[in-house]
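The values are calculated or read from the model by the stated rules, or taken from the named source; none is laboratory data. Just so it is clear, the model here is predicted, and its values are computed rather than measured. All Cβ positions, glycine included, derive from the backbone under ideal geometry; neighbour counts span all protein chains shown. Heads up: the accessible areas ignore ligands, DNA and RNA and are worked out on the full protein's heavy atoms, side chains in. Shrake-Rupley method; radii C 1.70, N 1.55, O 1.52, S 1.80 Å.
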Amino acid sequence: MTHGISLHAEPAPITLVPARTALVIIDMQRDFLESGGFGEALGNDVGLLQGAVGPCRTALAAARAAGLLVIHTREGHRPDLSDAPPAKVARGAPERRIGDPGPMGRILIRGEPGHDIVAALAPRPGEPVIDKPGKGAFHQTDLDQMLRNAGIDTLAVCGVTTEVCVHTTIREGNDRGYRCVALGDACASYFPEFHRVGLEMIKAQGGIFGWVSDSGAFATAVRSTTQAA
Ligand code: C5J
């Protein structure tokens, strides 16, 4: 039997069925969170993303304990850049673009140290890692197939950055029929104002493309399922 649990969220609480809910952690990679990677190459203060690590850990620990499907994503490209649109590669300072060498290896390239997920959120064996060339986790990946095969209808989404890859993934998921809940404190942006407004946008108009909750509420809700069992 599948039990629904109420998750405190805005604009209204949402009922989650654990067996149909996945936690999707977006791009918590060294390239975005640490010095010398892609985020810094674009002129950003990477320290601004650190605040999302603890809340992501809270959500991750609760999801693992409750047996939810946990999916990690990484943005990055093949070493030969064959999957990197020239219009994307051409952005940023000319000497530090995608594929150029940096202190954490080639910037935003699969297999390089900078492409790894930060140690605090390292995937466990068996947890799918989706390598995505774009901002959205559904674009040119097998994520949709994986979710459908697992019977998932609801995504709790966290990671970085709020207004870019988290937003794009939630919009893509919403259009594919998934109920998407952003865990606001477990997301972060290089632009605090974009983070704030990005969350507002999701839940405006009665939840135009999703819900907004937080890591603590998510952990409490999914833990209640393990306590009830
Ligand atoms: C960006 C991302 N901001 N993961 N990627 O380029 O949000």
Report task. Can you grab the distance from the C-alpha centre of region 99-118 to the C-alpha centre of region 185-200, Å, no decimals? Result -> 25 Å
Report summary line: Percent antiparallel among DSSP beta bridges confined to the chain, nearest 5, equals 15 percent
Query raised in the report: Is region 127-229 rounded, prolate or oblate when judged by the Cα gyration tensor, a ≥ b ≥ c being the square roots of its eigenvalues, rounded requiring a/c under 1.5 and prolate requiring a/b larger than b/c?
Result: oblate
Query raised in the report: For the chain, with only Lys/Arg (+1) and Asp/Glu (-1) charged at the beta-carbon, what is the dipole magnitude about the Cα centre, in debye rounded to 20?
Result: 420 debye
Report task. Can you pull the one-decimal nm distance between simple spin-label points at residue 205 and residue 146, each 7 Å off the Cα toward Cβ? Result -> 3.0 nm
Query raised in the report: Once you mark the trypsin sites (Lys or Arg not before Pro) that are in a DSSP loop and have at most 16 other Cβ atoms within 10 Å, what is the longest gap between them in the chain?
Result: 1-90
Report task. Return the FRET efficiency for the residue pair residue 197, residue 87: r is the Cβ-Cβ distance, R0 is 35 Å, and the value is rounded to the nearest 0.05. Result -> 0.85
Requested in this report: Kindly sort 69, 7 by accessible area of their heavy atoms, largest first, with the probe set to 1.4 Å.
Outcome: 69, 7
Report summary line: Farthest towards the positive end of the dipole of region 137-229, among 226, 198, 166 and with Cβ unit charges of +1 on Lys and Arg and -1 on Asp and Glu, lies the Cα of 226
Query raised in the report: If each Cα of the chain is one equal point scatterer, what is log10 of I(q)/I(0) from the Debye formula at q = 0.13, 0.14, 0.16 Å⁻¹?
Result: -0.71, -0.82, -1.06
Report summary line: Helix-only [θ] at 222 nm, the chain, -39500 (n - 2.57) per DSSP H run of 4+, per residue, nearest 500, equals -9000 deg cm²/dmol
Report summary line: Sparse-neighbourhood loop hits (GluC sites (Glu not before Pro), region 60-165; DSSP loop; Cβ within 10 Å at most 16 others) -> 95
Query raised in the report: If you line up the Cα atoms of region 72-141 on their principal axes, what length do they span on each, largest first, in Å?
Result: 37, 28, 18
Query raised in the report: Per residue, what accessible area does the chain have, given a 1.4 Å probe and all protein chains present, in Å²?
Result: 43 Å²
Query raised in the report: Tell me, what % of the accessible area of region 74-229 is carbon and sulfur with a 1.4 angstrom probe?
Result: 54 percent
